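Report on the structure given below.
The values are calculated or read from the model by the stated rules, or taken from the named source; none is laboratory data. Keep in mind the model is a prediction, meaning the values are calculated, not measured. Neighbour counts run over all protein chains shown; Cβ positions are idealised from the backbone, glycine included. When the accessible area is computed, the model is the full protein with side chains, heavy atoms only, and any ligands, DNA or RNA have been set aside. Shrake-Rupley method; radii C 1.70, N 1.55, O 1.52, S 1.80 Å.
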Amino acid sequence: MAELDPSAATTSSIFSQKSQRPPDDTVFFSIFPDFALHSSTSSAATTSELQALHLQILQTLAPYTSNYIWQHEPFNLSLSSTAPPHLSGKLRFGDNLEDEWFVVFLLYEISRNFPNLSIRVWDSDGEFLLIEAAFHLPRWLNPDTATNRVFIRCGRLHIIPKSIFHDTPSLRDALRLLIDGAEEKTKAPEPVQLQLENRLKEYPLRAENNVQRVRVRVPVSVAQVLKHEPCLISLAVEGFYDRDIDTMKFAAKMERFLRNGSREELVPVAVRMSRAMYAQLVQQAFQAPKCYPPLPPRSDVGAYLEAELGLKIACGLEMIYQLRKMQGMEGKGSTWEAFKKSLEKSGYFEGLLPGSNEYKRLMQNAEEYYRNSSLQARTSEMLNAPVRRIDEILALPHSVDDFKNLELPPSDDDSWLYGGEDELNAALHERQKEMEDYNSKHKKKQNSKEEQADSDNLNDYDLKNISKSMQAFVKQMSSYQGAEVPESSMRDVDFDVDRFMEDINSLARQKDSEDTGSEFDIEGSNSDMEFDESDDESDGEDNEVGGDPFMQSYAHVLNEELKGTSLSKSFARADEQPPKKDEGTSAGAEGMEEELAPVDVDFNLVKSLLDSFSSQQGNAGPASNLLGLLGLNLPQDANSKGK
């Protein structure tokens, strides 16, 4: 049966929603064979190859799916004509999340058995496989950047890296990259692979354990239907669990499954259902309709529980049968007709005239494919058309005697239903531990990077730069406009200096005219303040050679004055060679040595700036502001971190 292509689900009328969001309980998947990548249209040859591949996949999966009870619909594939031609499918898992992960397991099995396939799988959350391994993904990967980048191939998850396609790749480009031998470059990191392998390693055993075998007591007609088609238990549970006021009217009459009303005899049968279905039945209270046969007394606990569970199944089957019949979803053409129309629409017959030899050959191939695929997908057809199949089964001869004296296995233990809190807590604890480990590793990595950066800054930083920059600042020629920082990166400030100085001069002259007792005449001071640079340089040279007697005398008196204070101890002096051990020193020599030991200006400058910078404790202050103007950036003081 040709089904809706899930890749176009958001644009189809079946799934037309304002939000353009796929259903929350449905998983979609697409299988892209390598041979179809070079075909822009679904030609007859390509379609035939896809049909052959489809049958091979169904045969490969049959051991896993033949006895599995699906929540709403079984795993199925259909041919999609959307370019590039491929196989596609969708599955509604409802409340049974196990169905979704069982589909993922099946897709991985397909990729292992067919290495020339690239597979995509997604749901309403997008690439949910990435969500499972979220703590191990590269930081650039998110829902916005994951489009056409995530595939399953050869039993491994592949993520097309950003280094190959910086922008979102087209589907064809992504598939071509996987085909052209770039698999090693696109394989997801090993931690991601391990996370998904741990999630899937319990399958298919987990799928088998997810089935609950239960003994129930139901009317004979219900027992007859479940005997021939056990998969219809899914529709029975769905009808009961999703019941409303309108469908409850069908259960009140039970016209199809209780022809004899309350005189109908209940017979024991064993049914198989998923654990999710069992929980949906057991956890809801339900009152039997008046037309239903009496239940065993409550004192017979075992028989009563079997009959109560059978009551819910019988009423659910009645409700879904009548609802589907009322909606008229069947009888409007066979699945073969729908499949044939899909082939015509996809261009399978290539415009051939009906009746021609080539047309007959293609039609024969299509019929053979339909017969084979229908046998494999029989469950899907029954769940889509239950009314016709139920009528066929109930038309067969059957009686109460057919279900008497049967040896039935006991019901499976259902303690998991009441002890699930421990399992849930264990799962939550595992996730919490995973999150804590991730945060711990991330924090350690961040701290290591910060420490390494600080260490690099301290190792690479030369404190001599402070002294050199300050000397350049002091020696920089400045004018009346103010100090000039020897940096070209300073931003210009819109300030009219000439206008400002005119106002200052005007104010000064006004003040001078008012103050008659002033001892200084500032008129002509501009010319007096001009220095001859050549004279200044010659004076400096004379001082270095012979020295100025007045300045020498003045310095000597100043030193004598400072000897009685502790000011000299506040400065560090230049390092001197220590005296030899065999040479004595007199008190006068020590005083002379102390007097002649020069102050280490550069060292004192750097020390004072660092002390001032440290006292700011990372906040703004005069030291950091001055160093910033000089273009110097000191690393943060380790003692002030975190304050």
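Label sites at Arg298 and Asp413, each approximated as a point 7 angstrom past Cα along Cα to Cβ, lie 2.8 nm apart. Anisotropy class assigned to the stretch 206-255 is oblate, per the alpha carbon gyration tensor with a/c at or over the 1.5 cut-off and a/b no larger than b/c. Computed with every protein chain present, the accessible area of Ile69 is close to 10 Å² [probe 1.4 Å]. Ranked by the mean number of other Cβ atoms within 10 Å of their residues, highest first, the peptides 228-241, 247-260 come out as 228-241, 247-260.
Between Ser66 and Asp180, the modelled label-to-label distance comes to 4.4 nm, taking each label 7 Å out from Cα in the direction of the beta carbon.
Kindly report the accessible area of the stretch 143-250 per residue (heavy atoms of protein chains, probe 1.4 Å, no ligands, DNA or RNA), in Å².
Numbers: 4920 Å² over 108 residues.
That works out to 46 Å² per residue.
Taking 51 Å as R0, compute the FRET efficiency from the Cβ-Cβ separation of Ala134 and Leu562 and round it to 0.05.
Numbers: r = 70 Å, r/R0 = 1.38.
The pair Ala134/Leu562 has a calculated efficiency of 0.15.
Surface composition of the stretch 45-106: carbon plus sulfur atoms contribute 47% of the solvent-accessible area (1.4 Å probe, protein chains only, all chains present). Gap in Å between the Cα centre of the stretch 153-199 and the Cα centre of the stretch 244-281? After rounding, the separation between the Cα centres reads 49 Å.
Legend: distances between Cα atoms for Lys90/Lys201; Lys162/Lys341; Lys90/Lys253; pairs beyond 31 Å are Lys162/Lys341; Lys90/Lys253.
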